[in-house]
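Take a look at the structure below.
The values are calculated or read from the model by the stated rules, or taken from the named source; none is laboratory data. The shown structure was predicted, so the numbers you read here are calculated from the model rather than taken from an experiment. Ideal geometry is used to build each Cβ from the backbone, glycine not excepted, and the neighbour counts take in all protein chains shown. Just so you know, the surface numbers come from the protein's heavy atoms only, side chains and all, with ligands and any DNA or RNA stripped out. Shrake-Rupley method; radii C 1.70, N 1.55, O 1.52, S 1.80 Å.
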Amino acid sequence: MINKLKITFLFGIFMLIFSANVNAQLKKGQLVDGIAAVIGDEIVLESDVEEQMNYGKQQGISSVDKCEFLENLINNKLLVYEAKRDTLIENHSASIKEGANAKYQQLLSQFPDEKTMLAAYKFRNAYEMKNTIEKIDTDQYYGQAKYQRITEKADVTPNEVTDFYNMYKAQLPEIKDEVSLTQIMMYPKLTEAHKQELINRLKKVKQDILGGESFESQARIYSEDPGSAANGGLMKNIYKGQMVKPFEAAALNLQEGEISDPIESEFGYHIIQLVKKTGKMYDARHILLMATPTDEEVNTAKKKLDSIRTLIIDGKISFKDAAFRFSDDKRTKFNGGLVPGADGSSKIERESIPGAITYELAGLKKGDITTAFEDAENKRKVVKIIKIEDEIPSHKITLETDFDRIKQLALNKKRNEMIEKFVNSKLPTTFISIDGRYDSCSFKGNWKKESLKK
């Protein structure tokens, strides 16, 4: 019983393997260090096993068994292998390739040049690194697609949830102190004089470039984009739809070599030079002056938010309606300002709340609203008010207080069983080879069989 429940919780890692982004998968100074297993024509690397074990430790799994993590990865690769043979799963190779090129450029923007990046990740050339990114994204796509195909009809009845709880309640974790929070967030608005100052500075830079200065050198001197400034403002292989709309509209309306007038985006003010345009991709340079508000502009935004808070407290508008009307946070304004927890629910563990927000919430109770305070979102200054919608003290998980949580655990168990049944049905006809270093492993599935080669 304990082993089966452990597999249910480990399966959360299984899904995170498919949803992890390229920055988590590609680590500086790490590359291939041997093949751990081959499933069909799919490969599990030894570094994959080590990486998932480290991730498990970070997520608080106390007993990290290398054999269990390898078996989870083999399961995943078998799904990828079968997904590629499934004619009902759409081939997205073109869009995956485009996305891989974009992620390569995103990583490149964090380094002074391409050579430094390749050395850091221990790739010999750009082609090799792009292929690796594309392979990671391909595995994620096909693994998720096959998982969804197999489990799409999975459901649990209330009776099944109750049965699951009664069977495993002694092993279910204690729920830590939680809160439900709603927020209204605003970006402080720049004064017209401040905006014009930024526009005039960019106009001067553009004139200097037209007068003989190189765009590249001016970007290194003046651009406030941390990703591209060191690279002379250059961003390569941008696919259409990747950039914010004002930037893309301006860039694609230029002729190659032409420089735009200053344009405004949510990040600030840019001048853009179109370098090259081919099909759905383009290369561009830009110089960004960020719309960083002054203390006075921040204080103006705080005063506006505090006046909205007063209207809410006086009952003249609900917090939900105020969030919809006034919040600049696209994630939360359409759901009443509700801040999602790490698991996507409305509950947030108190200990996971950032220190600055914890300070603002100190001494407040359910129903209280903070005064306006300054915070940061994606390195941009913002102002917020936050309401404590609910407080949930730490407690043992029960059907009465945590039915939805228990239902999700029961549903995950059922999905696991469906995946396990599918995998077992494919074992007799799938080639499987596991490196000898894992000979001592006692796998749950029959992975060590003499597989039939097609």
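Close amide H partners of Val382, meaning residues 5 or more places away or on another chain with modelled amide H under 5 Å apart, are Asp375, Ala376, Glu377.
What's the whole-number percent of alpha carbon pairs in segment 151-282 lying beyond 26 angstrom?
Working: 4154 of 8646 pairs.
Result for the distance tail: 48 percent.
State log₁₀ I(q)/I(0) for the chain at q = 0.06, 0.07 Å⁻¹ as given by the Debye formula over alpha-carbon point scatterers of equal weight, solvent excluded. Reported log10 I(q)/I(0), two decimals: -0.37, -0.50. Ordered by 1.4 Å accessible area with all protein chains kept, Lys204, Lys347 run largest first as Lys204, Lys347. Entry note, the chain: relative contact order of 20 percent, from Cα contacts under 8 Å with a spacing of 6+ residues.
Taking max minus min of the alpha-carbon positions on each principal axis, segment 77-204 gives extents of 71, 45, 30 Å, largest first.
Computed over segment 210-294, the P(r) tail beyond 20 angstrom holds 26 percent of alpha carbon pairs.
For the pair Gln148 and Lys304, what calculated FRET efficiency results from E = 1/(1 + (r/R0)^6), where r is the Cβ-Cβ distance and R0 = 45 Å, to the nearest 0.05? Plugging the Cβ-Cβ distance into 1/(1 + (r/R0)^6) gives 0.55. Accessible area ranking (1.4 Å probe, heavy atoms, ligands and nucleic acids excluded), largest first, for Val38, Val275, Val298: Val275, Val38, Val298. A 1.4 Å probe run over the protein chains yields, for segment 353-454, 58 Å² of accessible area per residue, whole-number rounding. Span-like helix criteria (full DSSP H runs; alpha carbon extent of at least 18 Å along the helix axis; mean Kyte-Doolittle hydropathy of at least -0.5) are satisfied in the chain by 2-19, 66-85, 93-108, 295-313.
Going highest first, how would you order 123-132, 322-331, 153-162 by mean Cβ packing within 10 Å? Could the numbers behind the result be given before it?
Working: 123-132: 14.7, 322-331: 17.2, 153-162: 12.8.
Top to bottom by mean Cβ count within 10 Å: 322-331, 123-132, 153-162.
Using only side-chain charges placed at the Cβ, +1 for Lys and Arg and -1 for Asp and Glu, the dipole size of segment 56-174 relative to its Cα centre rounds to 500 debye. Put a dot 7 Å past the Cα of Cys67, heading toward its Cβ, do the same for Asn159, and the two dots end up 3.8 nm apart.
Take every DSSP beta bridge whose two residues both sit in the chain; close to 100 percent of them are antiparallel. Of the solvent-accessible surface of segment 220-355, computed with a 1.4 Å probe over protein heavy atoms with every protein chain present, carbon and sulfur atoms account for 51 percent. Only one residue of Leu108, Ser180, Val38 has its Cα farthest out toward the positive end of the dipole of the chain, where Lys and Arg carry +1 and Asp and Glu -1 on Cβ, and that residue is Val38.
For a 28 Å ceiling on Cα separation, which of these pairs sit above it: Lys203/Lys276; Lys276/Lys330; Lys84/Lys413; Lys66/Lys413; Lys97/Lys122; Lys189/Lys316? Table pairs above 28 Å Cα-Cα are Lys276/Lys330.
Using only the Cα atoms, work out Rg/Rh for segment 345-454, with Rh taken as the Kirkwood radius, to two decimals.
On the way: Rg = 24.6 Å, Rh = 19.6 Å.
Across segment 345-454, the Cα-based Rg/Rh ratio is 1.26.
Report, to the nearest whole %, how much of the accessible area of segment 51-158 belongs to carbon and sulfur atoms, 1.4 Å probe, protein only.
Details: 2690 of 5500 Å².
In segment 51-158, the share of accessible area belonging to carbon and sulfur is 49 percent.
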